[in-house]
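The structure appears right after this line, and notes come after that.
The values are calculated or read from the model by the stated rules, or taken from the named source; none is laboratory data. This structure is a prediction, so every number in the text was calculated from the model and none was measured. With ideal geometry, Cβ positions are generated from the backbone for all residues, glycine too; neighbour counts draw on all protein chains shown.
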């Protein structure tokens, strides 16, 4: 047995000593602004594994099927079809013993690639992933995810988990394990049936919690939820799911289309879950403003007119305006801004570091201008 291949234990994904505050990075666009303004309550989007940005993150390549026998193949196939709305009775009528044996042999001959894709569909259809980080001042995180003119939500994790209890079946919170090499696990060891339904949560947790060491700078934690009908997002190399969807028996077209609806991945949270909104160092920039001045400890920004701005910049300005209106109304006592600060090392050398430097309060806002109060945070 390869000692590098781990045994997956559910206890490793529950009751952890997780950070009580964690952070979610956003660039400034329609989707990110919608997190705060698109519903009555703010929400967090729990991604489909196909939407993660590493091709091996949430990849079925981390599942090894070489020991899968016909019994477990049949049970997995039955579980997949049940998820798609096909009753056990209809499944048995469609798949005789001879047909199951033939299907098993065909699948085995192609290393179960067809079954992997269907199983990946099944698991991800009912699971969602939220990616968070331990700190808000990492240079690469801002550059890669918020582009320095976006923002970060600081989340109260206890309140987040309380909200999830009201909205999902189960939730798990865990840090990413970073590895020099990624190994596949024997999936046949983790096939279970819970309440007469196929359950394979351990393989899902494994392929969601393991990444290459190159990603270690992210200091990432994840929250995995299970909930019925979260909606499927097709992988860029997935040519089968459309056909799989159309195998639903006696279902109308709208029901088939519901498989690809992902609105259920927007999980409501309470406003108190957001303990801070941290703006990027370029959040207030000359893309939006024609003039900036300071007076009586306030900073005044005059918005550009449509004649002074490109179409793309004007669209981004609309996102900016929607966001600052929401922040002023509901989070004005929780705004901070990242900056660049000088630090002194133990030997007296001066170095620079990105850190939260300012408290911000929006004191005036209309269609022509905005004004903020900006004060340095004492160290």
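For this structure, a couple of remarks:
- The single residue among 248, 269, 225, 201 that is more than 30 Å from residue 155 (Cα to Cα) and either modelled with pLDDT under 80 or surrounded by 18 or more Cβ atoms within 10 Å (Cβ to Cβ) (or both) turns out to be 248.
- Criterion (modelled with pLDDT of 80 or more, more than 21 Å from residue 63 (Cβ to Cβ) and touching a helix residue (DSSP H, G or I) at 6+ places or on another chain (Cβ under 7 Å)) met by exactly one of 288, 282: 288
- Residues of the range 352-379 satisfying the condition of being part of a strand (DSSP E or B) and over 20 Å from residue 148 (Cα atoms): 363, 364, 365, 369, 370, 371, 373
- Selection within the range 265-321: residues that are part of a loop (DSSP other than H, G, I, E, B) and without any contact (Cβ under 8 Å) to a residue 24 or more places away in the chain. The member of this set that is nearest to residue 232 (Cα to Cα) is 310.
Conditions tested, residue by residue: (1) in a loop (DSSP other than H, G, I, E, B); (2) under 27 Å from residue 261 (Cβ atoms); (3) free of Cβ contacts under 8 Å to residues at least 60 places away in the same chain.
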| position | (1), (2), (3) |
| --- | --- |
| 142 | no, no, no |
| 145 | no, yes, no |
| 149 | yes, no, no |
| 174 | no, no, no |
| 183 | yes, no, no |
| 221 | no, no, no |
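- Residue identified as closer than 30 Å to residue 317 by Cβ and assigned by TED's automatic domain parsing to the domain that holds residue 111 among 51, 70: 51
- Criterion (over 30 Å from residue 153 (Cβ atoms) and under 27 Å from the mean Cα position of the chain (by Cα)) met by exactly one of 82, 39: 82
Residue-by-condition table, conditions (1) within 15 Å of the chain's Cα centre (by Cα); (2) under 19 Å from residue 25 (Cβ atoms); (3) in the same structural domain as residue 355 (by TED's automatic domain parsing):
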residue: 148; (1), (2), (3): no, yes, no
residue: 163; (1), (2), (3): no, no, no
residue: 171; (1), (2), (3): yes, no, no
residue: 175; (1), (2), (3): yes, yes, no
residue: 190; (1), (2), (3): no, no, no
residue: 194; (1), (2), (3): no, no, no
residue: 200; (1), (2), (3): no, no, no
residue: 216; (1), (2), (3): no, yes, no
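- Of the residues making up the range 177-198, those that are within 20 Å of residue 50 (Cβ to Cβ) and surrounded by fewer than 19 Cβ atoms within 10 Å (Cβ to Cβ) are 182, 184.
- Unique match (being buried (at least 17 other Cβ atoms within 10 Å of the Cβ), touching a helix residue (DSSP H, G or I) at 6+ places or on another chain (Cβ under 6 Å) and either within 18 Å of residue 274 (Cβ to Cβ) or without any contact (Cβ under 8 Å) to a residue 24 or more places away in the chain (or both)) among 153, 160: 160
- Selection from the range 337-373 of residues that are under 19 Å from residue 327 (Cβ atoms) and loosely packed, with under 10 Cβ neighbours inside 10 Å: 366, 367, 368
- Check on residue 118, assigned to a helix (DSSP H, G or I), touching a helix residue (DSSP H, G or I) at 6+ places or on another chain (Cβ under 9 Å) and not assigned by TED's automatic domain parsing to the domain that holds residue 18: no
- Filter result for residue 327 (touching a helix residue (DSSP H, G or I) at 6+ places or on another chain (Cβ under 6 Å), in the same structural domain as residue 363 (by TED's automatic domain parsing) and either closer than 18 Å to residue 28 by Cβ or exposed (fewer than 11 other Cβ atoms within 10 Å of the Cβ) (or both)): no
- Every residue from the range 185-195 that is in contact with a helix residue (DSSP H, G or I) (Cβ under 9 Å, 6 or more places away or on another chain) and assigned to a loop (DSSP other than H, G, I, E, B): 191
- Residue in the range 123-138 that is assigned to a loop (DSSP other than H, G, I, E, B), free of Cβ contacts under 8 Å to residues at least 60 places away in the same chain and in the same structural domain as residue 204 (by TED's automatic domain parsing) present: no
- The residue list 44, 56, 68, 36 contains one member that is in a loop (DSSP other than H, G, I, E, B) and surrounded by 19 or more Cβ atoms within 10 Å (Cβ to Cβ), which is 68.
- Residues that are surrounded by 13 or more Cβ atoms within 10 Å (Cβ to Cβ), at pLDDT 85 or above and over 25 Å from the mean Cα position of the chain (by Cα), drawn from the range 96-127: 100, 101, 103, 104, 107, 108, 112
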